[in-house]
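Following: one structure in C-alpha cells, then a few remarks.
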Amino acid sequence: MDTDVSALHLVLSADPALVAIVRLSLEVSLSAVVLAAVIGVPLGAVIALTRFYGREAAIVALNALMGLPPVVAGLAVFLALSHSGPLGKWGLLFTPGAMIIAQTILVTPIIAALSRQTIEDLWAEYRDEFAAMNVGALGRVATLIWDARFSLVTALLAGFGRAAAEVGAIIIVGGNIDGFTRTMTTAIALETSKGNLPLAIGLGMVLIAIVIVINALAWSARRAGERLAG
Amino acid sequence: MRAPVAELPITFDKAQVAVGKIIILDDISLKISSGAPTVLIGPNGAGKTTLLRVAMGLVRVTQGHVTWGGRDDVAPTRRAIMFQRPVMLRRSTAGNIRYALKTAGAPRSNWERQMAGLLELVGLTGLERRPARRLSGGEQQRLALARALARDPAVLFLDEPTASLDPAATKAIEDIIANVAARGVKVVMSTHDLGQARRIAGEIVLLHRGRMIESGAADTFFANPKTEEARKFIAGQLLV
C-alpha cells in the first residue's frame, strides 16, 4: 500500500526524474513511429499495387517481420553502430538516435504489412473507378493512402504500441544510461530489479495512461473522420 | 448540339474478347454513331458489360479491331463510364465530384461552378457535405452519374444504371439520361428492362451468349424483329 501511495505521489508531483524519463520515451517512440510511417505506408502501398516476381515472398517476409524479436533487432543495430561496425563512424551507439533506429526497424514491418492489407482492400474497391477516371500510378497511390487514412491510423497505433512497450532492443543499443537513454520500459526493468518499486509502478501507471490516451485520441479522430468522409 | 468529336463513330470489326478458352464476346461488328441513345439488351452473360468496357477502352479485344473516330489510339479523355455498382470514394458528395473534375483536368478555378451545375443536374444540391457512402442507393447512382459527367464526355457509357432501383429513383435517372442525351452526349447503355429500352433507345443492340443477334433502329426492332431470338426476347420469353 505504501508503495502504491509513493508511486502515485511521484506521478502527481511530476517528479523531475520521472518526467525526464517519460519525455525521452515519448520522443523516441513517436520519432520511430513517424519514421516507420514515412517508410512503411508507401512501402505497403507499392507492394499492394504492383505485381513483381517474388511479391508473395515479400508479403510473407513482411508479415513474419512483424514478429521480429526486439533483442535480435537490437543486436543487429548494435553490431551496425558499434565502433567496428559499418555505421560506427556515426557515433550513435548508446544515444537516443540508436534507440530510434532500433524501434523504427521493429515498427516499420508492422506499419507496412497492415498498410499493405488496408490499401490492397481499398484498391480492390477502387480499381474500376480509377481505370474509368484514367488515374495515373502516383495519383492512385496518393488517393488510396488519403482515402484509407482513418484505417491506417490503426496501423500507426499498432506500431506505437510495439514501440512504447519495447525494452529488449533499446536497452541493447541505448545502454539505459541515467538521464540520457533511460526510457520508461528500461527504467521499470531496472528499478524493479533494484527493488525501487514506487518509481517502477509510477512509470507503469504513466505508460498505461499514455497508451490509453493516444488510443482514445486516435479512435476519436477515426470516428470523426468516418462521420465526415464515410 | 455538340460538334462531332474524334470519339465517334465507335466501330467494332469482328471483335472478340476471350479469357483463356472462354469467349466472352465473339465476332462483333457494330458501329455506334452520334445521335439518340444506343441500348444494349440481352440476358445475363450476354456480354453487355464487356462490350461497354471494350467501347470505353478498359478491355482490349483479343481478335478483330475497335476504333474511335477511325483510330485505335484515342485516349479516353472524352469518354466516361458508370458501372452497374459504382463505388463511392470515401469522401463527401462534393469531394467525389471534385476528384472527378481534378482527374479530368478541369481548371481548379472552375471546380465550384461546375460542381454546382452537376449537382443541380442530378438533383443532389444541398447534399454536398454528406459522406457519399451514406447516400441512398438512388442518390449514389446519381452521384456516380455526376462524377462521369464531370469528365465532360462526348460518349457516356452506362452499365445497368437503374438496376435494383425503385421506380421513382429509376425515373430520376432516366430523366437525367434524357437531359444529357439532349445536350448532345452520345449515351450507350445496357439494361435488362425492355420497358426502359423502349423509353430511351434510338438504337437497339441485342446480344446473346457473346454474339450480336440483331441491331438497328429501336422502332424497327420492336415492331419487326428479324430474328427468332429477338422475337422471343421482346415477347418476354427466356433466352437460354
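General remarks:
- All of B:LEU135, B:LEU156 fail the test of being within 14 Å of chain A (Cβ to nearest Cβ) and closer than 15 Å to B:GLY95 by Cα, apart from B:LEU135.
- One residue stands out among those in segment A:140-180 that are of a type in the set (Gly, Ala, Ser) and within 14 Å of chain B (Cβ to nearest Cβ): the one that is surrounded by the fewest Cβ atoms within 10 Å (Cβ to Cβ), which is A:ALA142.
- Condition check for B:VAL39: without any contact (Cβ under 8 Å) to a residue 40 or more places away in the chain and more than 14 Å from chain A (Cβ to nearest Cβ): no
- Of the criteria (1) in contact (Cβ under 8 Å) with a residue 40 or more places away in the chain; (2) over 30 Å from B:SER92 (Cα atoms), which one A:ASN176 fails: (1)
- Segment B:74-89, subset outside any loop (DSSP other than H, G, I, E, B) and out of contact with any helix residue (DSSP H, G or I) (no Cβ under 7 Å at 6 or more places or on another chain), residue farthest from the other protein chains (Cβ to nearest Cβ): B:ARG78
- Single residue of segment B:38-50 satisfying the filter (in a helix (DSSP H, G or I) and touching a Ser or Thr at 6+ places or on another chain (Cβ under 8 Å)) that is surrounded by the fewest Cβ atoms within 10 Å (Cβ to Cβ): B:THR49
- Any hit, segment B:60-73, residues being within 12 Å of chain A (Cβ to nearest Cβ) and crowded, with 23+ Cβ neighbours inside 10 Å: no
- Long-range neighbours under 7 Å by Cβ, at least six apart or interchain, first residue farther than 16 Å from A:ALA132 by Cα and modelled with pLDDT of 85 or more within segment B:65-78, second among the hydrophobic types (A, V, I, L, M, F, W, C) and not in a strand (DSSP E or B): B:VAL66/B:VAL54; B:TRP68/B:ALA6; B:TRP68/B:VAL74; B:GLY69/B:ALA6; B:GLY69/B:LEU8
- Those helices (runs of 4 or more DSSP H) lying entirely in segment A:1-100 with at least 3 residues in contact with a Lys or Arg (Cβ under 6 Å, 6 or more places away or on another chain): A:16-49
The values are calculated or read from the model by the stated rules, or taken from the named source; none is laboratory data. Remember, it's a predicted structure, so these values are computed and weren't measured experimentally. Neighbour counts run over all protein chains shown; Cβ positions are idealised from the backbone, glycine included.
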